Amino acid sequence: MRLWAVRRGDTLIAPKLDRLTRSVPDARDIADSLVTRGMKLAVGLSVYDPADPMGKMSFNIPATFAEFEADLIRLRIREGMAIARAKGKLRGKQPKLSIKQQKELRRMHESGKHSISDLAELFSVSHPTVYQTLARFPER
């Protein structure tokens, strides 16, 4: 986080702690930076003085919960993706062209009558898509 705009005596305001930091070590680094620069921190309606031991504790406890919540979200996402992958639902990005279109693109390219630009325009795809399709279906 960039704190260059905040000066000595200012209060850094964050609407929620998870908007300011995602981990306790990062929160500690920010708090230490605020202490060395003589600033205070306001999260939501609470104002913390990172130089004060009580303020430090009052800041670290919510930071721990914010990190815990972020870790739970990441865990749930990984679990959901693993379940979808096991069911065959997580297939990645689908090709722009059907198998039939890809074979036709290859046939037209092999005929020598169409350039890459012509093929891209005919099939309404980008040049890289044409090259990728040609690489996927090697010449016979």
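For this structure, a couple of remarks:
- Cα-Cα P(r), the range 7-47, percent of pairs per 5 Å interval: 6, 25, 31, 28, 10, 0
- Stokes-Einstein diffusion coefficient of the range 11-86, Kirkwood radius over Cα pairs, 25 °C, 0.890 mPa s, in µm²/s: 184
- For the chain, the spread of Cα positions along each principal axis, largest first, Å: 78, 38, 23
- Relative contact order of the chain, pairs being alpha-carbon contacts under 8 Å that are 6 or more residues apart, as %: 17
- The amide H of Tyr48, built 1.01 Å from its N in the peptide plane, has Leu41, Ala42, Val43 as neighbours under 5 Å, considering only residues 5 or more places off or on other chains.
- Rounded to whole numbers, the Karplus 3J(HN,Hα) couplings from phi for the range 83-99 are 5, 4, 5, 5, 7, x, 8, 9, 10, x, 6, 7, x, 5, 10, 6, 4 Hz, using 6.51 cos²θ - 1.76 cosθ + 1.60 with θ = phi - 60°, and x at Gly and Pro.
- For a paramagnetic label modelled on Ala5 (point 7 Å from Cα along Cα→Cβ), amide N atoms under 18 Å away belong, within the range 35-66, to 39-44.
- Mean separation of Cα contacts under 8 Å (6+ apart) over length of the range 99-140, as relative contact order %: 44
- Model label points for Lys113 and Lys87, set 7 angstrom from Cα along the Cα-to-Cβ axis, are 4.7 nm apart.
Every number in this text was worked out from the coordinates using simple rules, so none of it is lab data. Since this is a predicted model, take the numbers as computed values, not measurements. Neighbour counts are summed over all protein chains in view; Cβ atoms, including those assigned to glycine, are modelled from backbone coordinates with ideal geometry.
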